[in-house]
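Please read the structure below before turning to the comments.
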Amino acid sequence: MKFISTRNKNAILKSSEGILQGISKEGGLFVPCTFPEIKDFESLLNKNYREIALLIMGSFFPELGVDYLKESIDMAYDTKFDNKDIVPLINIDGINFLELYHGPTLAFKDMALSILPYLIKGAKKVENINEEIVILTATSGDTGKAALEGFANVEGVKIIVFYPEDGVSEVQKRQMITQEGDNTFVVGVRGNFDDAQSGVKRMFNNRNFSKRLEENNYILSSANSINIGRLIPQIVYYYYAYITMLKRKELKKEEKINIVVPTGNFGNILAAYYAKQMGLPVNKLICASNENNVLTEFLKDGIYDKRRDLALTSSPSMDILISSNLERLLYHLSGEDDNLIDKKMNQLNNKGYYEMNNLDIGDFYGNYAEEEEVSQGIEYLFKNNGYLIDPHTAVGYNVYEKYKLETKDKTKTIIASTASPFKFGSKVASSIGIDIKGKDEFTILEELSQKSNIPIPSNIQSLKNKAIIHKNTANKEEMEDMVKKFLDIGDKDD
Ligand SMILES: *Cc1c(COP(=O)(O)O)cnc(C)c1O
(Lines give C-alpha, C1' and ligand atoms only; values in the text may rest on other atoms or scores of the structure.)
Protein backbone atom coordinates (compact mmCIF):
# COMPACT_ATOMS: atom_id res chain seq x y z
CA MET A 1 0.00 0.00 0.00
CA LYS A 2 1.09 3.55 -0.69
CA PHE A 3 1.66 6.21 1.94
CA ILE A 4 1.87 9.92 1.25
CA SER A 5 3.40 12.85 3.14
CA THR A 6 1.05 15.34 4.81
CA ARG A 7 3.29 18.21 3.63
CA ASN A 8 4.21 17.10 0.14
CA LYS A 9 1.92 15.21 -2.19
CA ASN A 10 4.85 14.18 -4.33
CA ALA A 11 6.42 12.19 -1.53
CA ILE A 12 4.72 8.81 -1.98
CA LEU A 13 6.20 5.64 -0.58
CA LYS A 14 5.52 1.93 -0.18
CA SER A 15 4.81 0.82 3.38
CA SER A 16 8.24 -0.76 3.70
CA GLU A 17 9.90 2.54 2.81
CA GLY A 18 7.65 4.50 5.16
CA ILE A 19 8.40 2.20 8.09
CA LEU A 20 12.13 2.70 7.59
CA GLN A 21 12.05 6.42 6.95
CA GLY A 22 9.76 7.33 9.85
CA ILE A 23 9.20 10.93 8.81
CA SER A 24 9.16 12.57 5.38
CA LYS A 25 12.18 14.64 4.37
CA GLU A 26 10.34 17.97 4.46
CA GLY A 27 8.99 17.20 7.93
CA GLY A 28 5.59 15.76 6.95
CA LEU A 29 4.12 12.56 8.32
CA PHE A 30 3.13 9.62 6.16
CA VAL A 31 -0.55 8.71 5.92
CA PRO A 32 -2.26 5.91 3.99
CA CYS A 33 -3.38 7.03 0.51
CA THR A 34 -6.56 4.97 0.93
CA PHE A 35 -8.19 3.07 3.75
CA PRO A 36 -8.88 -0.63 3.28
CA GLU A 37 -12.47 -1.54 4.11
CA ILE A 38 -12.88 -4.15 6.83
CA LYS A 39 -16.45 -4.51 7.96
CA ASP A 40 -17.62 -8.06 7.49
CA PHE A 41 -17.90 -8.56 11.23
CA GLU A 42 -19.62 -11.94 10.93
CA SER A 43 -16.42 -13.35 9.49
CA LEU A 44 -14.35 -11.81 12.27
CA LEU A 45 -16.31 -13.28 15.16
CA ASN A 46 -14.15 -16.36 15.45
CA LYS A 47 -10.82 -14.64 15.05
CA ASN A 48 -8.42 -14.09 17.92
CA TYR A 49 -6.22 -11.03 18.44
CA ARG A 50 -3.38 -12.30 16.26
CA GLU A 51 -5.70 -13.22 13.40
CA ILE A 52 -7.35 -9.81 13.40
CA ALA A 53 -3.90 -8.23 13.56
CA LEU A 54 -2.84 -10.18 10.48
CA LEU A 55 -5.90 -9.09 8.54
CA ILE A 56 -5.41 -5.41 9.36
CA MET A 57 -1.62 -5.18 9.14
CA GLY A 58 -1.69 -7.34 6.02
CA SER A 59 -3.92 -4.82 4.28
CA PHE A 60 -1.65 -1.87 5.13
CA PHE A 61 1.72 -3.59 4.84
CA PRO A 62 1.32 -6.07 1.95
CA GLU A 63 4.91 -5.43 0.87
CA LEU A 64 6.18 -7.28 3.92
CA GLY A 65 4.47 -10.49 2.81
CA VAL A 66 1.68 -12.28 4.63
CA ASP A 67 3.86 -15.18 5.82
CA TYR A 68 6.44 -12.85 7.30
CA LEU A 69 3.73 -10.78 8.97
CA LYS A 70 2.07 -13.84 10.44
CA GLU A 71 5.35 -15.03 11.90
CA SER A 72 6.06 -11.57 13.31
CA ILE A 73 2.62 -11.21 14.85
CA ASP A 74 2.88 -14.63 16.47
CA MET A 75 6.21 -13.68 18.02
CA ALA A 76 5.16 -10.17 19.06
CA TYR A 77 1.88 -11.05 20.74
CA ASP A 78 2.90 -14.12 22.71
CA THR A 79 3.44 -14.88 26.38
CA LYS A 80 5.20 -11.54 26.84
CA PHE A 81 1.62 -10.47 27.41
CA ASP A 82 0.37 -11.66 30.76
CA ASN A 83 -3.20 -12.17 29.52
CA LYS A 84 -4.28 -14.73 26.96
CA ASP A 85 -6.70 -12.28 25.31
CA ILE A 86 -3.74 -9.87 24.84
CA VAL A 87 -6.13 -6.96 25.49
CA PRO A 88 -8.86 -7.93 27.99
CA LEU A 89 -12.09 -5.93 27.83
CA ILE A 90 -13.45 -5.41 31.32
CA ASN A 91 -16.99 -4.21 31.87
CA ILE A 92 -17.28 -2.05 34.98
CA ASP A 93 -20.50 -0.27 35.74
CA GLY A 94 -21.60 -0.48 32.10
CA ILE A 95 -18.35 0.95 30.73
CA ASN A 96 -15.92 -1.24 28.82
CA PHE A 97 -12.31 -0.71 29.86
CA LEU A 98 -10.00 -1.94 27.14
CA GLU A 99 -6.87 -2.89 29.09
CA LEU A 100 -4.00 -2.19 26.75
CA TYR A 101 -1.32 -2.61 29.40
CA HIS A 102 -0.68 -6.32 29.68
CA GLY A 103 2.57 -6.23 27.71
CA PRO A 104 6.14 -6.29 29.03
CA THR A 105 6.38 -2.60 30.01
CA LEU A 106 2.81 -2.29 31.32
CA ALA A 107 1.58 0.50 29.05
CA PHE A 108 -0.26 0.57 25.73
CA LYS A 109 2.93 1.43 23.84
CA ASP A 110 3.75 -2.29 23.97
CA MET A 111 0.86 -2.95 21.59
CA ALA A 112 2.80 -1.39 18.72
CA LEU A 113 6.38 -1.53 19.93
CA SER A 114 6.46 -5.26 20.40
CA ILE A 115 5.85 -5.65 16.67
CA LEU A 116 7.75 -2.62 15.31
CA PRO A 117 11.19 -4.28 15.42
CA TYR A 118 9.85 -7.08 13.21
CA LEU A 119 8.29 -4.58 10.83
CA ILE A 120 11.61 -2.74 10.54
CA LYS A 121 13.54 -5.95 10.03
CA GLY A 122 11.11 -7.05 7.33
CA ALA A 123 11.20 -3.66 5.64
CA LYS A 124 15.00 -3.71 5.59
CA LYS A 125 14.91 -7.03 3.82
CA VAL A 126 12.31 -5.92 1.27
CA GLU A 127 14.28 -2.75 0.54
CA ASN A 128 17.61 -4.53 0.46
CA ILE A 129 19.13 -2.33 3.13
CA ASN A 130 22.26 -3.50 4.85
CA GLU A 131 23.11 -0.41 6.84
CA GLU A 132 22.59 -0.36 10.56
CA ILE A 133 19.36 1.31 11.68
CA VAL A 134 19.52 3.95 14.40
CA ILE A 135 16.23 4.36 16.20
CA LEU A 136 16.05 7.84 17.65
CA THR A 137 13.22 8.39 20.07
CA ALA A 138 11.88 11.02 22.43
CA THR A 139 9.66 9.73 25.17
CA SER A 140 7.18 11.13 27.63
CA GLY A 141 7.83 7.98 29.63
CA ASP A 142 6.21 4.91 28.14
CA THR A 143 7.43 4.85 24.55
CA GLY A 144 11.04 4.86 25.69
CA LYS A 145 10.86 1.72 27.75
CA ALA A 146 8.61 -0.12 25.31
CA ALA A 147 10.98 0.71 22.45
CA LEU A 148 14.06 -0.29 24.47
CA GLU A 149 12.39 -3.56 25.35
CA GLY A 150 11.41 -4.22 21.75
CA PHE A 151 14.77 -3.34 20.21
CA ALA A 152 17.25 -4.50 22.88
CA ASN A 153 19.74 -6.88 21.30
CA VAL A 154 18.04 -6.77 17.90
CA GLU A 155 20.79 -7.25 15.37
CA GLY A 156 21.48 -4.39 12.98
CA VAL A 157 19.70 -1.82 15.15
CA LYS A 158 20.84 0.71 17.73
CA ILE A 159 18.30 2.49 19.88
CA ILE A 160 18.73 5.88 21.52
CA VAL A 161 16.07 7.23 23.88
CA PHE A 162 15.76 10.76 25.24
CA TYR A 163 13.43 11.30 28.19
CA PRO A 164 12.68 14.48 30.19
CA GLU A 165 14.66 14.05 33.39
CA ASP A 166 12.01 15.39 35.71
CA GLY A 167 8.96 14.62 33.62
CA VAL A 168 8.45 10.89 34.08
CA SER A 169 7.27 8.72 36.96
CA GLU A 170 9.72 6.97 39.26
CA VAL A 171 8.89 3.56 37.81
CA GLN A 172 9.11 4.83 34.23
CA LYS A 173 12.56 6.27 34.90
CA ARG A 174 13.83 3.14 36.58
CA GLN A 175 12.53 0.99 33.78
CA MET A 176 14.64 2.96 31.33
CA ILE A 177 17.88 3.54 33.20
CA THR A 178 18.17 -0.14 34.11
CA GLN A 179 17.75 -1.28 30.50
CA GLU A 180 20.20 -3.95 29.41
CA GLY A 181 21.47 -4.58 25.89
CA ASP A 182 24.66 -3.34 24.18
CA ASN A 183 22.69 -1.53 21.52
CA THR A 184 20.66 0.62 23.94
CA PHE A 185 21.39 4.22 24.96
CA VAL A 186 19.29 6.28 27.34
CA VAL A 187 19.71 9.98 28.07
CA GLY A 188 17.87 12.23 30.51
CA VAL A 189 17.19 15.65 28.95
CA ARG A 190 17.15 18.71 31.18
CA GLY A 191 13.85 19.99 29.89
CA ASN A 192 10.35 18.73 29.19
CA PHE A 193 8.99 16.26 26.66
CA ASP A 194 8.48 18.92 24.01
CA ASP A 195 12.16 19.86 24.32
CA ALA A 196 13.13 16.23 23.85
CA GLN A 197 10.73 15.73 20.95
CA SER A 198 11.79 18.94 19.19
CA GLY A 199 15.45 17.98 19.63
CA VAL A 200 14.82 14.63 17.98
CA LYS A 201 12.82 16.19 15.15
CA ARG A 202 15.66 18.67 14.57
CA MET A 203 18.10 15.83 14.12
CA PHE A 204 15.78 14.17 11.62
CA ASN A 205 15.61 17.37 9.59
CA ASN A 206 19.32 18.19 9.83
CA ARG A 207 20.92 17.38 6.47
CA ASN A 208 24.51 17.54 7.74
CA PHE A 209 23.70 15.21 10.54
CA SER A 210 22.03 12.61 8.34
CA LYS A 211 24.89 12.86 5.86
CA ARG A 212 27.35 12.12 8.62
CA LEU A 213 25.27 9.10 9.60
CA GLU A 214 25.11 7.86 6.03
CA GLU A 215 28.87 8.17 5.66
CA ASN A 216 29.13 5.86 8.63
CA ASN A 217 26.63 3.33 7.33
CA TYR A 218 23.77 4.28 9.58
CA ILE A 219 20.16 5.01 8.68
CA LEU A 220 17.90 7.00 11.00
CA SER A 221 14.46 5.78 11.91
CA SER A 222 11.93 6.48 14.61
CA ALA A 223 9.98 4.51 17.16
CA ASN A 224 7.69 7.44 17.92
CA SER A 225 4.10 7.42 16.82
CA ILE A 226 5.07 9.47 13.78
CA ASN A 227 6.14 6.11 12.32
CA ILE A 228 3.35 4.30 10.42
CA GLY A 229 4.76 1.10 11.88
CA ARG A 230 3.54 2.38 15.24
CA LEU A 231 0.22 3.72 14.12
CA ILE A 232 -1.25 0.85 12.11
CA PRO A 233 -0.82 -1.89 14.77
CA GLN A 234 -2.86 0.33 17.10
CA ILE A 235 -5.94 -0.02 14.90
CA VAL A 236 -6.16 -3.71 15.74
CA TYR A 237 -7.36 -3.47 19.32
CA TYR A 238 -10.31 -1.24 18.48
CA TYR A 239 -11.55 -3.90 16.09
CA TYR A 240 -10.83 -6.56 18.66
CA ALA A 241 -12.82 -4.70 21.31
CA TYR A 242 -15.79 -4.26 18.98
CA ILE A 243 -15.77 -7.91 18.02
CA THR A 244 -15.54 -8.92 21.68
CA MET A 245 -18.62 -6.83 22.43
CA LEU A 246 -20.43 -8.44 19.49
CA LYS A 247 -19.51 -11.89 20.78
CA ARG A 248 -20.80 -10.99 24.22
CA LYS A 249 -24.02 -9.82 22.59
CA GLU A 250 -23.53 -6.36 24.06
CA LEU A 251 -24.02 -4.91 20.59
CA LYS A 252 -26.55 -5.38 17.84
CA LYS A 253 -25.40 -5.72 14.26
CA GLU A 254 -23.76 -2.47 13.10
CA GLU A 255 -24.49 -0.75 16.41
CA LYS A 256 -22.12 2.14 16.99
CA ILE A 257 -19.81 2.62 19.96
CA ASN A 258 -18.01 5.59 21.48
CA ILE A 259 -14.28 5.35 22.05
CA VAL A 260 -12.61 7.39 24.81
CA VAL A 261 -8.87 7.86 24.52
CA PRO A 262 -6.57 9.54 27.07
CA THR A 263 -4.55 11.56 24.61
CA GLY A 264 -1.08 13.07 24.37
CA ASN A 265 0.53 12.86 20.98
CA PHE A 266 -2.82 12.01 19.32
CA GLY A 267 -1.52 8.65 18.05
CA ASN A 268 -3.84 6.30 19.87
CA ILE A 269 -6.99 8.26 19.09
CA LEU A 270 -5.92 8.68 15.47
CA ALA A 271 -5.75 4.88 15.20
CA ALA A 272 -9.36 4.79 16.39
CA TYR A 273 -10.26 7.38 13.74
CA TYR A 274 -8.56 5.19 11.14
CA ALA A 275 -10.60 2.22 12.36
CA LYS A 276 -13.71 4.32 11.75
CA GLN A 277 -12.54 5.17 8.23
CA MET A 278 -12.15 1.43 7.61
CA GLY A 279 -15.73 0.69 8.57
CA LEU A 280 -15.74 0.19 12.33
CA PRO A 281 -19.11 1.53 13.57
CA VAL A 282 -17.98 4.45 15.73
CA ASN A 283 -20.16 7.28 16.97
CA LYS A 284 -17.90 9.71 18.89
CA LEU A 285 -14.18 9.69 19.41
CA ILE A 286 -13.71 11.26 22.81
CA CYS A 287 -10.37 13.00 23.16
CA ALA A 288 -9.43 13.22 26.84
CA SER A 289 -6.62 15.56 27.90
CA ASN A 290 -5.06 16.40 31.24
CA GLU A 291 -4.35 19.98 32.32
CA ASN A 292 -2.26 20.42 29.18
CA ASN A 293 -5.52 20.94 27.37
CA VAL A 294 -4.36 22.28 24.01
CA LEU A 295 -6.41 19.69 22.14
CA THR A 296 -9.57 20.47 24.11
CA GLU A 297 -9.29 24.09 23.02
CA PHE A 298 -8.53 23.18 19.44
CA LEU A 299 -11.56 20.91 19.18
CA LYS A 300 -13.69 23.70 20.63
CA ASP A 301 -12.58 26.74 18.65
CA GLY A 302 -10.17 25.61 15.94
CA ILE A 303 -7.21 27.43 17.43
CA TYR A 304 -4.16 25.39 18.32
CA ASP A 305 -2.03 27.40 20.71
CA LYS A 306 0.94 25.89 22.51
CA ARG A 307 2.15 29.19 23.97
CA ARG A 308 1.97 28.27 27.65
CA ASP A 309 4.02 26.42 30.23
CA LEU A 310 3.82 22.67 30.18
CA ALA A 311 2.16 21.43 33.35
CA LEU A 312 3.71 18.38 34.98
CA THR A 313 0.79 16.15 35.97
CA SER A 314 0.23 12.67 37.37
CA SER A 315 -0.34 11.49 33.78
CA PRO A 316 3.13 12.33 32.44
CA SER A 317 2.70 10.41 29.19
CA MET A 318 0.14 13.03 28.25
CA ASP A 319 2.20 16.06 29.30
CA ILE A 320 2.55 17.27 25.75
CA LEU A 321 1.83 20.57 24.05
CA ILE A 322 2.64 19.55 20.49
CA SER A 323 0.44 16.62 19.53
CA SER A 324 2.29 15.46 16.44
CA ASN A 325 -0.32 13.12 15.04
CA LEU A 326 -2.99 15.80 14.89
CA GLU A 327 -1.24 16.83 11.67
CA ARG A 328 -2.45 13.61 10.08
CA LEU A 329 -6.07 14.28 11.01
CA LEU A 330 -5.81 17.84 9.70
CA TYR A 331 -4.48 16.52 6.40
CA HIS A 332 -7.43 14.16 5.99
CA LEU A 333 -10.01 16.72 7.09
CA SER A 334 -8.63 19.53 4.94
CA GLY A 335 -9.24 17.56 1.76
CA GLU A 336 -5.60 16.43 1.69
CA ASP A 337 -4.28 19.96 1.29
CA ASP A 338 -0.54 19.41 1.69
CA ASN A 339 0.33 23.08 1.09
CA LEU A 340 -2.03 24.26 3.79
CA ILE A 341 -0.72 21.70 6.29
CA ASP A 342 2.85 22.65 5.51
CA LYS A 343 2.00 26.31 6.14
CA LYS A 344 0.13 25.68 9.40
CA MET A 345 2.78 23.37 10.83
CA ASN A 346 5.51 25.87 10.03
CA GLN A 347 3.47 28.53 11.71
CA LEU A 348 3.15 26.34 14.79
CA ASN A 349 6.89 25.95 14.77
CA ASN A 350 7.66 29.63 14.28
CA LYS A 351 4.83 31.40 16.08
CA GLY A 352 3.52 28.77 18.45
CA TYR A 353 -0.07 28.67 17.17
CA TYR A 354 -2.29 28.28 14.14
CA GLU A 355 -5.96 28.52 13.33
CA MET A 356 -7.98 26.03 11.31
CA ASN A 357 -11.58 26.61 12.15
CA ASN A 358 -13.40 25.54 9.02
CA LEU A 359 -12.84 21.80 9.40
CA ASP A 360 -15.60 19.34 10.13
CA ILE A 361 -14.44 17.80 13.40
CA GLY A 362 -17.86 16.38 14.27
CA ASP A 363 -16.40 12.90 14.81
CA PHE A 364 -14.64 14.21 17.90
CA TYR A 365 -15.50 15.47 21.36
CA GLY A 366 -12.77 16.98 23.51
CA ASN A 367 -12.49 17.85 27.18
CA TYR A 368 -9.96 17.65 29.98
CA ALA A 369 -9.57 16.57 33.59
CA GLU A 370 -7.85 18.34 36.45
CA GLU A 371 -5.64 16.62 39.02
CA GLU A 372 -8.32 16.58 41.68
CA GLU A 373 -10.81 14.98 39.28
CA VAL A 374 -8.27 12.32 38.36
CA SER A 375 -7.94 11.35 42.03
CA GLN A 376 -11.70 11.33 42.49
CA GLY A 377 -12.16 9.01 39.51
CA ILE A 378 -9.56 6.56 40.78
CA GLU A 379 -11.11 6.62 44.23
CA TYR A 380 -14.69 6.23 42.98
CA LEU A 381 -14.02 3.18 40.83
CA PHE A 382 -11.97 1.54 43.54
CA LYS A 383 -14.48 2.17 46.34
CA ASN A 384 -17.53 1.18 44.34
CA ASN A 385 -16.22 -1.53 42.06
CA GLY A 386 -12.90 -2.61 43.49
CA TYR A 387 -11.40 -1.69 40.11
CA LEU A 388 -8.08 0.09 39.93
CA ILE A 389 -7.15 2.43 37.09
CA ASP A 390 -4.04 4.50 36.44
CA PRO A 391 -4.07 8.34 36.21
CA HIS A 392 -4.09 8.39 32.38
CA THR A 393 -7.09 6.12 32.25
CA ALA A 394 -8.67 8.22 34.99
CA VAL A 395 -8.40 11.27 32.73
CA GLY A 396 -10.39 9.31 30.15
CA TYR A 397 -12.92 8.20 32.73
CA ASN A 398 -13.49 11.74 34.00
CA VAL A 399 -13.86 13.22 30.52
CA TYR A 400 -16.34 10.48 29.63
CA GLU A 401 -18.43 11.39 32.68
CA LYS A 402 -18.40 15.02 31.52
CA TYR A 403 -19.42 13.95 28.02
CA LYS A 404 -22.36 11.94 29.36
CA LEU A 405 -23.53 14.83 31.51
CA GLU A 406 -23.32 17.25 28.62
CA THR A 407 -24.84 15.12 25.88
CA LYS A 408 -26.97 12.47 27.62
CA ASP A 409 -25.61 10.14 24.95
CA LYS A 410 -26.27 6.49 25.84
CA THR A 411 -24.09 4.92 23.16
CA LYS A 412 -22.10 1.98 24.52
CA THR A 413 -18.58 3.08 25.24
CA ILE A 414 -15.03 1.80 25.38
CA ILE A 415 -12.34 3.57 27.39
CA ALA A 416 -8.79 2.87 26.32
CA SER A 417 -7.05 1.90 29.54
CA THR A 418 -3.50 2.83 28.76
CA ALA A 419 -1.29 1.89 31.70
CA SER A 420 -1.08 -0.37 34.72
CA PRO A 421 -1.94 1.47 37.95
CA PHE A 422 1.34 0.15 39.38
CA LYS A 423 3.31 2.23 36.92
CA PHE A 424 2.00 5.38 38.61
CA GLY A 425 1.78 4.08 42.14
CA SER A 426 2.07 7.29 44.16
CA LYS A 427 -0.90 8.99 42.58
CA VAL A 428 -3.04 5.85 42.60
CA ALA A 429 -2.16 5.00 46.20
CA SER A 430 -2.80 8.51 47.52
CA SER A 431 -6.10 8.64 45.62
CA ILE A 432 -7.41 5.56 47.42
CA GLY A 433 -6.39 6.82 50.83
CA ILE A 434 -2.90 5.42 51.36
CA ASP A 435 -0.58 7.83 53.15
CA ILE A 436 2.46 8.11 50.88
CA LYS A 437 4.36 10.84 52.71
CA GLY A 438 8.05 10.08 53.10
CA LYS A 439 7.72 6.58 51.66
CA ASP A 440 9.82 5.28 48.82
CA GLU A 441 8.18 4.08 45.61
CA PHE A 442 8.49 0.36 46.31
CA THR A 443 6.98 0.67 49.78
CA ILE A 444 4.08 2.56 48.24
CA LEU A 445 3.60 -0.16 45.64
CA GLU A 446 3.54 -2.83 48.31
CA GLU A 447 0.88 -0.98 50.25
CA LEU A 448 -1.09 -0.44 47.08
CA SER A 449 -0.89 -4.14 46.35
CA GLN A 450 -2.09 -5.03 49.82
CA LYS A 451 -4.99 -2.65 49.78
CA SER A 452 -6.15 -3.53 46.27
CA ASN A 453 -5.43 -7.23 46.50
CA ILE A 454 -3.62 -7.09 43.19
CA PRO A 455 -0.07 -8.42 43.04
CA ILE A 456 2.66 -6.00 41.92
CA PRO A 457 3.42 -6.89 38.28
CA SER A 458 6.65 -8.91 38.21
CA ASN A 459 8.25 -6.58 35.67
CA ILE A 460 7.96 -3.76 38.19
CA GLN A 461 8.87 -5.85 41.22
CA SER A 462 12.14 -6.89 39.59
CA LEU A 463 13.21 -3.27 39.05
CA LYS A 464 14.02 -2.95 42.71
CA ASN A 465 17.23 -4.92 42.46
CA LYS A 466 18.37 -3.96 38.98
CA ALA A 467 21.58 -2.03 38.51
CA ILE A 468 21.42 1.47 37.06
CA ILE A 469 23.18 1.31 33.73
CA HIS A 470 22.38 4.61 32.02
CA LYS A 471 23.56 7.75 33.78
CA ASN A 472 23.87 10.22 30.90
CA THR A 473 22.12 13.57 30.99
CA ALA A 474 22.17 16.42 28.49
CA ASN A 475 20.85 19.88 27.83
CA LYS A 476 18.55 20.02 24.83
CA GLU A 477 21.31 21.67 22.81
CA GLU A 478 23.61 18.73 23.50
CA MET A 479 21.38 15.97 22.18
CA GLU A 480 23.00 15.75 18.77
CA ASP A 481 26.48 15.55 20.28
CA MET A 482 25.30 12.75 22.52
CA VAL A 483 24.13 10.75 19.54
CA LYS A 484 27.42 11.34 17.75
CA LYS A 485 29.28 10.19 20.83
CA PHE A 486 27.29 6.98 21.14
CA LEU A 487 27.70 6.15 17.50
CA ASP A 488 31.33 7.22 17.61
CA ILE A 489 30.91 9.59 14.67
CA GLY A 490 32.08 12.86 16.26
CA ASP A 491 33.08 15.76 14.04
CA LYS A 492 36.49 15.18 12.56
CA ASP A 493 37.77 18.69 13.16
CA ASP A 494 36.67 19.42 16.68
C1 LIG B 1 1.52 7.49 25.34
C2 LIG B 1 0.46 7.37 26.34
C3 LIG B 1 -0.75 8.07 26.22
C4 LIG B 1 -1.02 9.02 25.08
O5 LIG B 1 -1.12 8.36 23.84
P6 LIG B 1 -0.91 9.20 22.49
O7 LIG B 1 -0.94 8.19 21.41
O8 LIG B 1 0.42 9.87 22.62
O9 LIG B 1 -2.03 10.16 22.42
C10 LIG B 1 -1.73 7.87 27.18
N11 LIG B 1 -1.51 7.07 28.25
C12 LIG B 1 -0.35 6.40 28.40
C13 LIG B 1 -0.18 5.56 29.60
C14 LIG B 1 0.66 6.51 27.46
O15 LIG B 1 1.80 5.84 27.63
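The values are calculated or read from the model by the stated rules, or taken from the named source; none is laboratory data. Keep in mind that what you see is a predicted model, and the values were worked out from it rather than measured. Neighbour counts run over all protein chains shown; Cβ positions are idealised from the backbone, glycine included. Please note that ligands, DNA and RNA were not included when accessible areas were found on the heavy atoms of the full protein model with its side chains. Shrake-Rupley method; radii C 1.70, N 1.55, O 1.52, S 1.80 Å.
In the stretch 82-94 there is at least one residue that is in contact with a His (Cβ under 9 Å, 6 or more places away or on another chain), part of a loop (DSSP other than H, G, I, E, B) and within 16 Å of the ligand (Cβ to nearest atom).
Applying the condition of being over 18 Å from A112 (Cβ atoms) and touching a Ser or Thr at 6+ places or on another chain (Cβ under 9 Å) to the stretch 261-284 and asking which residue is nearest to the ligand (Cβ to nearest atom) yields K284. Here the condition is being within 26 Å of K423 (Cα to Cα), open to solvent by less than 10 Å² (accessible area, probe 1.4 Å) and not in a helix (DSSP H, G or I); of I322, I232, I259, it holds for I259 alone. Modelled with pLDDT under 95 and open to solvent by 10 Å² or more (accessible area, probe 1.4 Å), is that true of R248? Spelling it out, it is not the case that R248 is modelled with pLDDT under 95 and open to solvent by 10 Å² or more (accessible area, probe 1.4 Å). Within the stretch 384-433, the set of residues being away from the ligand (no atom under 16 Å from the Cβ), closer than 30 Å to R174 by Cα and open to solvent by 20 Å² or more (accessible area, probe 1.4 Å) comprises G386, Y387, S430, G433. Against the conditions (1) open to solvent by 20 Å² or more (accessible area, probe 1.4 Å); (2) more than 13 Å from the ligand (Cβ to nearest atom), where does L119 fall short? Just the number, please. So L119 meets the others, but not (1).
To keep it simple, each residue is scored yes or no on (1) more than 15 Å from H102 (Cα to Cα); (2) within 22 Å of the chain's Cα centre (by Cα).
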| position | (1), (2) |
| --- | --- |
| I52 | yes, yes |
| G65 | yes, no |
| E71 | yes, no |
| Y77 | no, yes |
| K80 | no, yes |
| I90 | no, yes |
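The one condition from (1) within 19 Å of V261 (Cα to Cα); (2) within 15 Å of the ligand (Cβ to nearest atom) that L310 does not meet is (1). Taking the listed residues S210, S225, the one that is at pLDDT below 95 and in contact with a strand residue (DSSP E or B) (Cβ under 7 Å, 6 or more places away or on another chain) is S210, with no other qualifying. On the stretch given as the stretch 194-227, residues that are away from the ligand (no atom under 14 Å from the Cβ), among the β-branched types (V, I, T) and either within 25 Å of N292 (Cα to Cα) or touching a Phe, Trp or Tyr at 6+ places or on another chain (Cβ under 7 Å) (or both) total 1. Tallying residues that are away from the ligand (no atom under 16 Å from the Cβ) and either more than 25 Å from P316 (Cα to Cα) or open to solvent by less than 20 Å² (accessible area, probe 1.4 Å) (or both) within the stretch 285-306 yields 2. Taking the stretch 4-39 as the range and being surrounded by 18 or more Cβ atoms within 10 Å (Cβ to Cβ) and farther than 24 Å from T137 by Cα as the test, the residues that pass are F35, I38. Scanning the stretch 235-245 for residues that are open to solvent by less than 10 Å² (accessible area, probe 1.4 Å) and away from the ligand (no atom under 16 Å from the Cβ) returns Y239, A241, Y242, I243, M245. Residues in the stretch 269-284 that are open to solvent by less than 10 Å² (accessible area, probe 1.4 Å) and either closer than 19 Å to I320 by Cα or assigned to a strand (DSSP E or B) (or both): I269, L270, A271, V282.
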